[in-house]
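A quick write-up on the structure given underneath.
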Amino acid sequence: MADIKPFQCIHPDEGFYSRVAALPYDVYNRKEAYVEAAKDRLSFLNIDRPETQFGETADMYAPEVYQKAHDLLQERIREGVFVREERAAYYLYELTMNGRSQTGLVACASIDDYVNNVIKKHENTRAEKEADRIRHVDACSAQTGPIFLAYRRNEQIQKVTAQVKKNAPMFAFTSEDGITHRGWCVFDEADICAVWKAFGGISDIYIADGHHRAASAVRVGLKRRAQHPDYDGSEEFNYFLSILFPDDELMIMDYNRVVKDLNGMSSEAFLEKVKEKFIVQECRTSEKPEKKGTMTMYLGDTWYHLSVREEYCSSDPVDGLDVSVLQKELLEPVLGITDPKTDKRIDFIGGIRGLTELERRVHTDCAVAFAMYPTSITELFAVADAGLLMPPKSTWFEPKLRSGLFIHEIER
């Protein structure tokens, strides 16, 4: 059963939340990170991407870069930008986007639950991406970017959440992208006990987003265990920072595909190949797919609606995903994209950017675009429950959790 515990949080002091809060470190390329970090010295991106404190030609993985992240964090604490709570608590974090809200519990999850698969994964991780965050967590002795976890709705947790949200929030602000962020502290011992017991009865927790951050936090925790052979399991390095959301509040957006060329075919020849596996109808205007088993395609200056022919559908948790059908029936055999993780001819566009971005790419550097129907949270759970892995870029979660609002120290 899940061990989800309260913790002594480091968080911005009153008045600093909106300045500190930053999008996750990995949504920016290096050039974008320099530009964004320079907008405000208190933006947490300066700590999350410490290479921004050095010249643009500096080695972003050098030891002194990670040491800079540590030094900046401690400097901000000394300045009073961040405060360290004296007692352990849970927190609530609500994000509202386009009138729709989701509220997660900020807590620490057990690295043993990760190792023992109580916390389930649906993606592989890459060692080189893990290495960066391992060094960052290790240097800071703190986890600064929360892992986005999901669980099946629990009425006891919802009851506590609703009650706590009747109180005035500890912070409330609207970020530049129009998303409203609010947070509350769950400090009442009865509420803390109720939430802890409720999670103790939950056998399955799922990583929604942040597989590399989770793997890195766990690796650092295991390293600290090796350095402290007398550990008893209560030490903070045995846990990692998480925000847990009930499944019915989450929204997964489409994760779309663009391909640079048609593998030597003309548009007409390619369209005939598409018709072998899909029922194809021309659209008058741009359209998003309306249900599972459908997608839309932009080729030339025309949108097409594609429905998977019945014989190419599958009940398998992975093979039945729309992104899998597209890969297996079209991208690989027709366009020659055998490994979408490494092939430079394919690119992935988050649904937050809309269909106009797909049109723009086809008019500039690509030959065809595919707009996907979003993978559902039920499909994500089914893949993880089966111990399987999703194809790369299957899910795009919005809104993104901000970094810097909640920090978990693993040693002091």
Using the count of nearby Cβ atoms within 10 Å as a rough guide to exposure, how do VAL164, VAL323 rank from fewest to most?
-> VAL164, VAL323
Give me the distance in nm between label points sitting 7 Å out from Cα along the Cα-to-Cβ direction at ALA226 and ARG84, one decimal.
-> 2.7
Measuring from its Cα centre, the chain shows a charge dipole (+1 at each Lys and Arg Cβ, -1 at each Asp and Glu Cβ) which, in debye to the nearest 20, is 300
Using alpha carbon centroids, what distance separates the stretch 1-74 and the stretch 251-282, in Å?
-> 40
Please say if the chain is rounded, prolate or oblate, where rounded means a/c under 1.5 for a ≥ b ≥ c the square roots of the C-alpha gyration tensor eigenvalues, and otherwise the choice is prolate for a/b larger than b/c and oblate otherwise?
-> prolate
Could you list the residues of the stretch 351-369 with an amide nitrogen less than 19 Å from a label point located 7 Å from the Cα of ASN98 in the Cα-to-C-beta direction?
-> 351-360
With each pseudo-label sitting 7 Å past Cα toward Cβ, what's the ILE352-GLU155 distance in nm, one decimal?
-> 3.5
Comparing PHE187, PHE148, PHE370, which has the greatest mean-square fluctuation in the GNM of the chain with Cα pairs linked when under 10 Å apart?
-> PHE187
GNM of the chain, Cα pairs under 10 angstrom: of ASP301, ASP261, ASP71, the biggest fluctuation goes to ASP301
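Which order results if ASP113, ASP232 are arranged by neighbouring Cβ count within 10 Å, fewest first? Spell out each step's value before the answer.
Working: ASP113 20, ASP232 7.
With the sparsest Cβ surroundings first, the list reads ASP232, ASP113.
Take the Cβ-Cβ distance between VAL280 and LYS344 as r, set R0 to 30 Å, and report the resulting FRET efficiency rounded to the nearest 0.05.
On the way: r = 28 Å, r/R0 = 0.92.
The computed FRET efficiency comes out at 0.65.
So what's the back-of-envelope 222 nm ellipticity for the chain, counting only DSSP H runs of four-plus at -39500 (n - 2.57) apiece and dividing by all residues, rounded to 500?
Values: 13 runs with 127 residues, N = 412.
For the chain, the value works out to -9000 deg cm²/dmol.
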If you place +1 on the Cβ of every Lys and Arg and -1 on the Cβ of every Asp and Glu, how big does the dipole about the Cα centre of the stretch 335-378 come out, in debye to the nearest 20?
-> 40
Modelled label-to-label distance, GLU411 and LYS291, 7 Å Cα→beta-carbon offset: nm?
-> 5.6
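Classify the stretch 38-82 as rounded, prolate or oblate from the Cα gyration tensor: take a ≥ b ≥ c as the square roots of its eigenvalues, call it rounded if a/c is under 1.5, otherwise prolate when a/b beats b/c and oblate if not. If you can, show how the numbers build up before the last one.
Numbers: a/c = 3.03, a/b = 1.58, b/c = 1.92.
Cα axes put the stretch 38-82 in the oblate bin.
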If every Lys and Arg gets +1 and every Asp and Glu gets -1 at its Cβ, then about the Cα centre the stretch 1-105 yields a dipole, in debye to the nearest 20, of 180
Compute the length gained on full extension between ASN167 and ALA58: take 0.36 nm times their separation in residues and subtract their Cα-Cα distance, giving the result in nm to one decimal.
-> 34.5 nm
Charge dipole (the chain, unit charges on Cβ, about Cα centre) - positive-most of ASN263, PHE148, ALA33 | ALA33
Can you give the net charge of the other residues whose Cβ lies under 11 Å from the Cβ of GLY293, counting K and R as +1 and D and E as -1?
-> 0
If each residue's Cβ is checked for other Cβ atoms within 10 Å, how do LYS5, LYS275 rank with the fewest at the top?
-> LYS275, LYS5
Among SER324, SER307, SER315, residue whose mean-square fluctuation peaks in a GNM of the chain (springs only between Cα atoms under 10 Å) = SER315
Using alpha-carbon positions, the gyration tensor of the stretch 253-412 gives root eigenvalues a ≥ b ≥ c; with a/c under 1.5 called rounded, otherwise prolate if a/b exceeds b/c, else oblate, the class is prolate
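Only the coordinates and a few stated rules stand behind these numbers; no lab work does. Just so we're clear, the structure is a prediction, and the values are computed from it rather than from any experiment. Positions of Cβ are generated from backbone atoms using ideal geometry, with glycine treated the same way; all protein chains shown enter the neighbour counts.
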